[in-house]
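Each remark here refers to the structure printed beneath this line.
The values are calculated or read from the model by the stated rules, or taken from the named source; none is laboratory data. In this text, all values refer to a predicted model and were calculated from it rather than measured experimentally. Because the Cβ atoms are built from the backbone with ideal geometry, glycine has one as well, and the counts that use them run over all protein chains shown. Quick note on the areas: whole protein, heavy atoms, side chains included, nothing else; ligands and nucleic acids left out. Shrake-Rupley method; radii C 1.70, N 1.55, O 1.52, S 1.80 Å.
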Amino acid sequence: MTTKVDIVDGVQRRVLLWSNPRSLSTIFEKCISGLRGTQIINEPYSAAHDLGPDRATLPDYVNEDMSKKYYSHYEYEELTRRGVNEDVEFINAFDHNICTYEFVKNTLERPYADKSVVFCKDLCYGIHGKFHMLPVGYQHTFLIRDPRKTLVSWLKLMQDMTQCSQLELADADALFPALEGAMQQFELFKFLQSRGDDIVVVDADDVQTDPDTILRKYCHAVGIPFQNSMLRWNSGDEAMQDWISALSYLVGNQIGGYYSAAMKSSSFLPPKAPLNRHEMSRDLLPYVDSSVPFYKELHKLRLQIA
(Lines give C-alpha, C1' and ligand atoms only; values in the text may rest on other atoms or scores of the structure.)
Protein backbone atom coordinates (compact mmCIF):
# COMPACT_ATOMS: atom_id res chain seq x y z
CA MET A 1 0.00 0.00 0.00
CA THR A 2 1.37 3.42 -0.94
CA THR A 3 1.48 5.94 1.89
CA LYS A 4 -0.49 9.09 1.22
CA VAL A 5 1.82 12.09 1.13
CA ASP A 6 1.27 15.84 1.18
CA ILE A 7 2.87 17.15 -2.01
CA VAL A 8 2.60 20.94 -1.98
CA ASP A 9 1.27 22.27 -5.34
CA GLY A 10 1.85 18.80 -6.78
CA VAL A 11 5.63 19.29 -6.58
CA GLN A 12 8.01 17.11 -4.63
CA ARG A 13 10.43 19.22 -2.58
CA ARG A 14 14.11 18.30 -2.39
CA VAL A 15 16.26 20.09 0.16
CA LEU A 16 19.94 19.83 1.08
CA LEU A 17 21.12 21.15 4.44
CA TRP A 18 24.85 21.92 4.55
CA SER A 19 26.51 22.23 7.91
CA ASN A 20 29.71 21.64 9.85
CA PRO A 21 30.40 19.21 12.68
CA ARG A 22 28.72 20.09 16.00
CA SER A 23 26.25 22.56 14.50
CA LEU A 24 23.08 20.81 15.76
CA SER A 25 22.49 19.53 12.23
CA THR A 26 21.46 16.03 13.33
CA ILE A 27 18.86 17.47 15.72
CA PHE A 28 17.60 19.61 12.83
CA GLU A 29 17.51 16.49 10.65
CA LYS A 30 15.59 14.57 13.30
CA CYS A 31 13.15 17.46 13.58
CA ILE A 32 12.45 17.36 9.82
CA SER A 33 12.15 13.56 9.83
CA GLY A 34 8.87 13.88 11.73
CA LEU A 35 7.26 15.45 8.66
CA ARG A 36 4.93 12.93 7.03
CA GLY A 37 6.08 11.60 3.67
CA THR A 38 9.72 12.62 4.12
CA GLN A 39 12.78 10.58 3.14
CA ILE A 40 15.91 11.47 5.09
CA ILE A 41 19.33 10.95 3.51
CA ASN A 42 22.07 11.28 6.10
CA GLU A 43 25.60 12.52 5.28
CA PRO A 44 26.19 10.62 2.03
CA TYR A 45 28.98 12.88 0.77
CA SER A 46 30.74 12.64 4.11
CA ALA A 47 30.53 8.86 3.83
CA ALA A 48 32.07 8.98 0.36
CA HIS A 49 34.85 11.21 1.69
CA ASP A 50 35.50 9.18 4.84
CA LEU A 51 34.70 5.58 3.96
CA GLY A 52 34.00 4.87 0.29
CA PRO A 53 36.27 3.89 -2.60
CA ASP A 54 36.88 7.59 -3.41
CA ARG A 55 37.74 8.39 0.19
CA ALA A 56 40.17 11.16 1.01
CA THR A 57 41.04 9.61 4.37
CA LEU A 58 41.12 6.07 5.68
CA PRO A 59 38.23 4.90 7.87
CA ASP A 60 38.86 4.76 11.59
CA TYR A 61 38.90 0.99 11.82
CA VAL A 62 41.61 0.49 9.15
CA ASN A 63 44.69 -1.00 10.76
CA GLU A 64 46.84 2.12 10.56
CA ASP A 65 49.11 3.75 13.12
CA MET A 66 46.69 6.56 13.94
CA SER A 67 43.78 4.18 14.33
CA LYS A 68 45.84 1.92 16.58
CA LYS A 69 46.87 4.95 18.60
CA TYR A 70 43.38 6.29 19.20
CA TYR A 71 40.77 3.65 18.36
CA SER A 72 42.06 0.26 19.49
CA HIS A 73 39.75 0.25 22.51
CA TYR A 74 36.65 0.15 20.28
CA GLU A 75 37.31 -3.19 18.54
CA TYR A 76 35.28 -1.62 15.75
CA GLU A 77 35.28 -4.60 13.39
CA GLU A 78 33.79 -6.92 15.99
CA LEU A 79 31.20 -4.36 17.03
CA THR A 80 30.21 -3.78 13.41
CA ARG A 81 29.85 -7.52 12.80
CA ARG A 82 27.38 -8.01 15.58
CA GLY A 83 25.57 -4.71 14.93
CA VAL A 84 26.09 -3.43 18.50
CA ASN A 85 22.40 -3.21 19.31
CA GLU A 86 20.64 -6.13 17.70
CA ASP A 87 17.23 -4.63 18.45
CA VAL A 88 17.86 -1.76 16.02
CA GLU A 89 17.35 -2.47 12.32
CA PHE A 90 18.49 0.14 9.83
CA ILE A 91 16.34 -0.79 6.85
CA ASN A 92 17.76 1.72 4.33
CA ALA A 93 21.42 1.61 5.34
CA PHE A 94 24.04 0.97 2.68
CA ASP A 95 27.51 -0.58 2.75
CA HIS A 96 30.14 2.16 2.70
CA ASN A 97 32.23 0.07 0.29
CA ILE A 98 29.86 1.03 -2.55
CA CYS A 99 29.70 4.70 -1.56
CA THR A 100 31.46 6.49 -4.40
CA TYR A 101 30.63 10.09 -5.22
CA GLU A 102 28.75 8.83 -8.26
CA PHE A 103 26.74 6.51 -6.00
CA VAL A 104 25.85 9.47 -3.78
CA LYS A 105 24.74 11.65 -6.69
CA ASN A 106 22.64 8.82 -8.12
CA THR A 107 21.09 8.12 -4.71
CA LEU A 108 20.12 11.75 -4.29
CA GLU A 109 18.63 11.94 -7.78
CA ARG A 110 16.46 8.81 -7.47
CA PRO A 111 12.70 9.47 -7.93
CA TYR A 112 11.38 8.61 -4.41
CA ALA A 113 7.94 8.76 -6.02
CA ASP A 114 6.08 7.94 -2.80
CA LYS A 115 7.71 10.83 -0.90
CA SER A 116 6.64 14.46 -0.79
CA VAL A 117 9.96 15.65 0.65
CA VAL A 118 13.49 14.37 0.15
CA PHE A 119 15.73 15.93 2.79
CA CYS A 120 19.48 15.41 2.88
CA LYS A 121 21.80 16.64 5.61
CA ASP A 122 25.52 16.66 5.01
CA LEU A 123 28.79 18.20 6.15
CA CYS A 124 30.59 20.63 3.88
CA TYR A 125 33.95 18.87 3.97
CA GLY A 126 32.38 15.91 2.18
CA ILE A 127 31.70 17.88 -1.02
CA HIS A 128 34.68 20.26 -0.83
CA GLY A 129 36.60 20.23 -4.11
CA LYS A 130 33.92 18.11 -5.79
CA PHE A 131 31.18 20.62 -6.53
CA HIS A 132 30.66 18.99 -9.93
CA MET A 133 29.13 16.04 -8.04
CA LEU A 134 26.30 18.10 -6.54
CA PRO A 135 22.86 16.67 -7.37
CA VAL A 136 20.33 18.37 -9.60
CA GLY A 137 16.88 19.34 -8.38
CA TYR A 138 17.73 20.41 -4.83
CA GLN A 139 17.34 23.66 -2.95
CA HIS A 140 20.47 24.28 -0.93
CA THR A 141 20.25 25.53 2.63
CA PHE A 142 22.89 26.21 5.25
CA LEU A 143 22.87 25.70 9.00
CA ILE A 144 25.59 27.83 10.54
CA ARG A 145 26.85 28.04 14.10
CA ASP A 146 29.38 30.16 15.94
CA PRO A 147 32.83 28.52 15.53
CA ARG A 148 33.54 29.29 19.19
CA LYS A 149 30.90 26.66 19.89
CA THR A 150 31.41 24.18 17.05
CA LEU A 151 35.18 23.81 17.34
CA VAL A 152 35.18 23.52 21.13
CA SER A 153 32.41 20.92 20.96
CA TRP A 154 34.20 19.06 18.16
CA LEU A 155 37.46 18.85 20.09
CA LYS A 156 35.68 17.54 23.19
CA LEU A 157 33.84 14.93 21.11
CA MET A 158 37.08 13.74 19.55
CA GLN A 159 38.79 13.55 22.92
CA ASP A 160 35.89 11.55 24.31
CA MET A 161 35.74 9.21 21.32
CA THR A 162 39.46 8.53 21.32
CA GLN A 163 39.72 8.56 25.12
CA CYS A 164 42.70 10.85 24.70
CA SER A 165 42.62 14.22 26.48
CA GLN A 166 45.88 15.24 24.77
CA LEU A 167 44.63 14.50 21.26
CA GLU A 168 46.64 16.39 18.65
CA LEU A 169 44.53 18.71 16.50
CA ALA A 170 46.04 17.41 13.25
CA ASP A 171 45.12 13.84 14.20
CA ALA A 172 41.60 14.85 15.24
CA ASP A 173 41.07 16.73 11.98
CA ALA A 174 42.28 13.75 9.97
CA LEU A 175 39.79 11.49 11.74
CA PHE A 176 36.87 13.95 11.55
CA PRO A 177 37.58 17.15 9.55
CA ALA A 178 36.38 20.37 11.16
CA LEU A 179 39.19 22.92 11.46
CA GLU A 180 38.51 24.45 8.02
CA GLY A 181 34.76 23.85 8.10
CA ALA A 182 33.68 27.50 8.19
CA MET A 183 35.86 28.33 5.18
CA GLN A 184 34.59 25.27 3.28
CA GLN A 185 31.01 26.19 4.08
CA PHE A 186 31.55 29.74 2.83
CA GLU A 187 33.21 28.51 -0.38
CA LEU A 188 30.28 26.18 -1.10
CA PHE A 189 27.87 29.05 -0.46
CA LYS A 190 29.76 31.35 -2.87
CA PHE A 191 29.81 28.63 -5.54
CA LEU A 192 26.06 28.11 -5.29
CA GLN A 193 25.47 31.86 -5.22
CA SER A 194 27.60 32.32 -8.35
CA ARG A 195 25.36 30.01 -10.34
CA GLY A 196 22.20 31.76 -9.17
CA ASP A 197 20.85 29.32 -6.58
CA ASP A 198 18.19 30.51 -4.13
CA ILE A 199 19.93 29.77 -0.82
CA VAL A 200 18.45 29.73 2.68
CA VAL A 201 20.67 30.30 5.74
CA VAL A 202 19.68 29.61 9.35
CA ASP A 203 21.74 30.01 12.50
CA ALA A 204 21.64 27.26 15.12
CA ASP A 205 21.40 29.80 17.94
CA ASP A 206 18.27 31.30 16.35
CA VAL A 207 16.72 27.85 15.96
CA GLN A 208 17.37 27.18 19.65
CA THR A 209 16.12 30.61 20.73
CA ASP A 210 12.84 30.59 18.80
CA PRO A 211 12.36 27.29 16.95
CA ASP A 212 8.73 28.00 16.14
CA THR A 213 9.50 31.19 14.22
CA ILE A 214 12.67 30.01 12.49
CA LEU A 215 11.30 26.61 11.46
CA ARG A 216 8.14 28.20 10.07
CA LYS A 217 10.25 30.61 8.05
CA TYR A 218 12.56 27.82 6.90
CA CYS A 219 9.68 25.62 5.80
CA HIS A 220 8.06 28.50 3.94
CA ALA A 221 11.34 29.36 2.22
CA VAL A 222 11.90 25.80 0.94
CA GLY A 223 8.26 25.05 0.22
CA ILE A 224 7.58 22.27 2.72
CA PRO A 225 4.68 22.22 5.21
CA PHE A 226 5.39 23.16 8.80
CA GLN A 227 4.08 20.76 11.45
CA ASN A 228 4.05 21.11 15.22
CA SER A 229 5.87 17.78 15.40
CA MET A 230 8.95 19.74 14.35
CA LEU A 231 8.95 21.45 17.74
CA ARG A 232 8.73 18.35 19.93
CA TRP A 233 9.48 14.72 19.12
CA ASN A 234 10.17 11.40 20.81
CA SER A 235 13.55 10.80 22.39
CA GLY A 236 15.46 7.82 20.99
CA ASP A 237 16.92 6.63 17.71
CA GLU A 238 13.77 5.20 16.18
CA ALA A 239 13.74 8.04 13.63
CA MET A 240 17.09 6.86 12.23
CA GLN A 241 15.88 3.39 11.33
CA ASP A 242 14.60 4.32 7.87
CA TRP A 243 17.21 6.97 7.08
CA ILE A 244 19.32 6.34 4.00
CA SER A 245 22.82 6.38 5.47
CA ALA A 246 26.08 4.47 5.54
CA LEU A 247 25.61 1.59 7.97
CA SER A 248 29.03 2.35 9.44
CA TYR A 249 27.80 5.79 10.54
CA LEU A 250 24.68 4.41 12.21
CA VAL A 251 26.52 1.57 13.91
CA GLY A 252 29.44 3.87 14.71
CA ASN A 253 27.06 6.15 16.57
CA GLN A 254 26.25 3.29 18.92
CA ILE A 255 29.98 3.00 19.58
CA GLY A 256 31.20 6.60 19.59
CA GLY A 257 27.97 8.40 20.39
CA TYR A 258 28.47 11.29 17.96
CA TYR A 259 24.72 11.45 17.30
CA SER A 260 23.75 10.62 20.89
CA ALA A 261 22.76 14.14 21.98
CA ALA A 262 20.53 14.48 18.93
CA MET A 263 18.93 11.08 19.45
CA LYS A 264 18.29 11.74 23.15
CA SER A 265 16.74 15.11 22.35
CA SER A 266 13.00 15.74 22.25
CA SER A 267 13.10 19.45 21.39
CA PHE A 268 15.50 22.31 20.76
CA LEU A 269 17.00 23.63 24.01
CA PRO A 270 17.94 27.30 24.56
CA PRO A 271 21.46 28.17 23.38
CA LYS A 272 24.39 28.45 25.76
CA ALA A 273 26.98 31.20 25.65
CA PRO A 274 30.32 30.28 24.03
CA LEU A 275 33.36 29.77 26.20
CA ASN A 276 35.64 32.71 26.88
CA ARG A 277 38.98 32.64 25.08
CA HIS A 278 40.92 31.77 28.22
CA GLU A 279 38.71 28.68 28.62
CA MET A 280 39.51 27.33 25.15
CA SER A 281 42.45 25.19 24.12
CA ARG A 282 45.29 27.50 23.14
CA ASP A 283 45.98 25.38 20.06
CA LEU A 284 42.37 25.78 18.94
CA LEU A 285 42.29 29.58 19.10
CA PRO A 286 43.93 30.28 15.70
CA TYR A 287 41.33 28.09 14.00
CA VAL A 288 38.51 29.80 15.86
CA ASP A 289 39.86 33.21 14.87
CA SER A 290 40.22 32.27 11.20
CA SER A 291 36.74 30.73 11.11
CA VAL A 292 34.76 33.58 12.67
CA PRO A 293 34.92 35.95 9.63
CA PHE A 294 33.42 33.29 7.34
CA TYR A 295 30.70 32.61 9.88
CA LYS A 296 29.91 36.32 10.20
CA GLU A 297 29.49 36.72 6.44
CA LEU A 298 26.84 34.00 6.33
CA HIS A 299 25.30 35.22 9.59
CA LYS A 300 24.36 38.48 7.83
CA LEU A 301 22.21 36.49 5.38
CA ARG A 302 20.36 34.27 7.85
CA LEU A 303 16.63 34.05 8.38
CA GLN A 304 15.95 36.30 11.35
CA ILE A 305 13.59 35.89 14.27
CA ALA A 306 12.10 39.37 14.05
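The alpha carbons of the chain stretch over 54, 43, 37 Å along the principal axes, in descending order.
Extending 7 Å from the Cα toward the beta-carbon at both residue 269 and residue 187 defines two label points whose distance is 3.4 nm. Approximating the spin labels as points 7 Å out from Cα along Cα→Cβ, the residue 109-to-residue 229 distance works out to 3.1 nm. Per-residue packing, averaged as other Cβ atoms within 10 Å, sorts the ranges 19-32, 180-193 into the order 19-32, 180-193, beginning with the highest. Along the range 165-181 the Karplus relation, 6.51 cos²θ - 1.76 cosθ + 1.60 evaluated at θ = phi - 60°, assigns HN-Hα couplings of 6, 9, 4, 6, 4, 4, 5, 4, 6, 5, 6, 8, x, 8, 4, 10, x Hz to successive residues, with x for each Gly and Pro. Over 23 Å apart: what share of the alpha carbon pairs of the range 211-305 falls there, rounded to a whole percent? When all Cα pairs of the range 211-305 are counted, 53 percent exceed 23 Å. Once the Cα-Cα distance is subtracted from the 0.36 nm per residue extended length, the residue 131 to residue 238 segment shows a gain of 35.3 nm. Solvent-accessible surface of the chain, taken per residue with a 1.4 Å probe and all protein chains present: 47 Å². Annotation: amide H of residue 201 within the under-5 Å range of 142, 303, sequence separation 5 or more or interchain, hydrogens built in the peptide plane. In whole percent, how big is the carbon plus sulfur part of the accessible area of the chain, probe 1.4 Å, protein atoms only? Carbon plus sulfur share of accessible area: 49 percent. For the residue pairs 30/105; 130/156; 115/272, alpha carbon separations beyond 27 Å are given by 130/156; 115/272. Note on residue 168 and residue 56: their simple-model spin labels are 2.0 nm apart, each label 7 Å out from Cα toward Cβ. Estimated translational diffusion coefficient (Stokes-Einstein, Kirkwood radius over Cα pairs, 4 °C, 1.567 mPa s) of the range 146-297: 73 µm² per second.
Residues considered: 48, 113, 93. Largest GNM mean-square fluctuation over the chain, using C-alpha springs under 10 Å, is found at 113. Computed extension length for residue 290-residue 209: 26.6 nm, one decimal, from 0.36 nm per residue of separation with the Cα-Cα distance subtracted.
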